[in-house]
1. Among the numbered criteria (1) away from the ligand (no atom under 16 Å from the Cβ); (2) touching a residue at least 24 places away in the same chain (Cβ under 8 Å); (3) in contact with a Phe, Trp or Tyr (Cβ under 8 Å, 6 or more places away or on another chain), which single criterion is violated by Ile151?
2. Condition first: surrounded by fewer than 23 Cβ atoms within 10 Å (Cβ to Cβ) and either in contact (Cβ under 8 Å) with a residue 40 or more places away in the chain or within 13 Å of the ligand (Cβ to nearest atom) (or both). Now tell me which residues in segment 284-303 satisfy that.
3. Which residues, counting only those in segment 275-303, are charged (D, E, K, R), out of contact with any strand residue (DSSP E or B) (no Cβ under 8 Å at 6 or more places or on another chain) and within 27 Å of Asp153 (Cα to Cα)?
4. Given (1) more than 16 Å from the ligand (Cβ to nearest atom); (2) surrounded by fewer than 22 Cβ atoms within 10 Å (Cβ to Cβ); (3) not aromatic (Phe, Trp, Tyr), where does Gln105 come up short, assuming only one miss?
5. If the requirement is being farther than 17 Å from Val152 by Cβ and either in contact with a Phe, Trp or Tyr (Cβ under 8 Å, 6 or more places away or on another chain) or free of Cβ contacts under 8 Å to residues at least 24 places away in the same chain (or both), which of these qualifies: Gln335, Gln308?
6. When you go through (1) within 15 Å of the ligand (Cβ to nearest atom); (2) out of contact with any Pro (no Cβ under 7 Å at 6 or more places or on another chain); (3) under 19 Å from Pro322 (Cα atoms) one by one for Ala92, which number turns out not to apply?
Amino acid sequence: MKKKMISTFLAFSMVTALLAGCGSSGSATTATTAANGASTTAAQADTTAAGAESTKADSDSGKTLTIGFSQVGAESDWRTANTESMKSTFSAENGYNLIFDDAQQKQENQITAIRNFIQQEVDYIVLAPVTETGWDTVLQEAKDAGIPVIIVDRMVNVSDDSLYTAWVGSDFELEGQKAAEWLNSFATAKGIDPSSLNIVDIQGTIGASAQIGRTKGLQDAVDKYGWNLLEATTGEFTQAKGQEVMESMLKSYDNINVVYCENDNEAFGAIDALEAAGKTVGSDIANGQVMVMSFDSTKAGLTDVLSQKITLNTECNPLHGPRVEDIIKALEAGQTVDKKKYVDESIFAVDDTVKSVTVDGNSYDVTVVTQDVIDQRAY
Ligand code: GYE
């Protein structure tokens, strides 16, 4: 108790000191933002003072660029890889001042972070939005301040597209369609009747593009093929919530044979819950196994494919740092950039029962996971 009071006092003192140091006001979240940004801000002052002529961005564009990046959180392995990609791209060695803010999956924290970036007069704001809606006001503020906003990963849904300069990320609905088409082809190849597929969907963060697209891809296929969708509930893209949701689904239904997890971490949690309940995870639905499907294809996710716990893993690429840098460099050079840019992604499966899937007339090859495939993975 005493320990707790002392640490609370210390934390409060730190917050107060930080707020005083930054001349800003707000909640503890703002203080966290300030704390994350504090060293960068100091570095920024140093860099500006020193001129830092030798850095890469300097030699390219003649000035050190300050980038404010509002990250969703640290909910998944995908997110960690994404943060790492941004931090290593916008590093001091590369000549950038990166002000990084982790919003802990809360939109209000992202809005606070963006307002701080505006106050600090950053050169660019990069936003990985937690959900699609609710950005009009703060993005208008950025626009009024003349700061270009680049959206990365998930999309924003705004009434006026001029509120952001460019977006780069994945086609999440296509990801869902690929996964669903694979399931249809796999079930057909194994002689499984569509009406005997009893699916649960552990959804991502509700309102996030990655959730909206992946859920839609599944739901459209449920309507098209006549599968049973028993339930769709959010697992918030985390392992803990994925496990909790799976445990409760197992209490409600005794006939689940496909678990469609909207990311790898949810799949890890779901597998733990399934195994704890005495189920065997795997692709042999006809003999009582429960098939786990996932998205992201992180190293850990593909490792679970190799060990046959995850049957299909649809890729989502997190390495957006260099892509955002390309956009910024083009803008700095006065070039026009694509308003929206989708990245190419693969599909990874446990075996070659389905060699490719077709969505909207385009064919996508399915890669069978081997140790080599995993070793070549950067994240
Ligand atoms: O699939 C998940 C992460 O928005 C694509 O967010 C991203 C998703 C990714 O938490 O693991």
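The values are calculated or read from the model by the stated rules, or taken from the named source; none is laboratory data. All values derive from a computational prediction rather than experimental measurement. Because the Cβ atoms are built from the backbone with ideal geometry, glycine has one as well, and the counts that use them run over all protein chains shown.
1. All conditions pass for Ile151, except number (1).
2. Scanning segment 284-303 gives Ile285, Ala286, Lys299, Ala300, Thr303.
3. Passing the criteria: only Lys299.
4. If we test Gln105 against (1) more than 16 Å from the ligand (Cβ to nearest atom); (2) surrounded by fewer than 22 Cβ atoms within 10 Å (Cβ to Cβ); (3) not aromatic (Phe, Trp, Tyr), just (1) comes out false.
5. Just a single option satisfies the conditions, and that option is Gln335.
6. Status for Ala92: all satisfied but (1).
Each row is one residue, and each column tells you yes or no for (1) in contact (Cβ under 8 Å) with a residue 60 or more places away in the chain; (2) in contact with a helix residue (DSSP H, G or I) (Cβ under 6 Å, 6 or more places away or on another chain); (3) among the hydroxyl-bearing types (Ser, Thr, Tyr).
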residue	(1), (2), (3)
Gln203	no, yes, no
Gly207	yes, no, no
Thr215	no, no, yes
Tyr225	no, yes, yes
Asn228	no, no, no
Thr233	no, yes, yes
Phe237	yes, no, no
Lys241	no, no, no
Glu244	no, no, no
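Let's see how each residue does on (1) assigned by TED's automatic domain parsing to the domain that holds Asp304; (2) within 19 Å of Leu312 (Cα to Cα); (3) more than 16 Å from the ligand (Cβ to nearest atom):
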position: Ser195; (1), (2), (3): yes, no, yes
position: Asp201; (1), (2), (3): yes, yes, no
position: Ala208; (1), (2), (3): yes, no, no
position: Ile212; (1), (2), (3): yes, no, no
position: Lys216; (1), (2), (3): yes, yes, no
position: Trp227; (1), (2), (3): yes, yes, yes
position: Gly242; (1), (2), (3): yes, yes, no
position: Ser252; (1), (2), (3): yes, no, yes
position: Glu262; (1), (2), (3): yes, yes, no
